[in-house]
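Derivation of every value follows stated rules applied to the coordinates shown; laboratory data play no part. A quick note: this is a predicted structure, and the numbers were derived from the prediction, not measured.
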Amino acid sequence: MPSEAWVREKGEETWNTRASSYEWHGHSLQAKEGGWKLGTGADRRTMFYAYIIESEAHRNRRYIGFTADLRTRVEDHNLGRNVSTKTGRPWKLVFYAAFQEKADAMSFESYLKTASGKAFARKRLLPGSLEA
């Protein structure tokens, strides 16, 4: 089951992986088991993230969000600093996608919150997870 993901824009280097690939508005979404990789390391631009966390206390409860600092944001969720996730603690990160453009990350977050996006996430991004 893919636990994390990375996003690359078309034209960048392609990595050899047995991952699934999905297209979303000109971006190739690559999910693979056991970690993630984005770029060659030479490009250290600010990244923006759309993410999904899942409550460890209530396995069928998920939260979809957007941030520029993924580690701090997940920590904030687990410390109860977000009204929407305060009662579901602890939370674990089950998916994220990195984007170079803030608008792209926000747009993907908005899509994941639609009925179609939730179905896509259950079927393609979180295979084997419980229905939400």
Practice problem: Under 1.5 on a/c is rounded, so check that first for the range 80-131, then, if it is not, pick prolate when a/b is larger than b/c and oblate when it is not; a ≥ b ≥ c are the square roots of the alpha carbon gyration tensor eigenvalues. | Solution: oblate
Self-check item: Gain in span if fully extended, LYS123 to ARG59, counting 0.36 nm per residue against the direct Cα distance
Solution: 21.4 nm
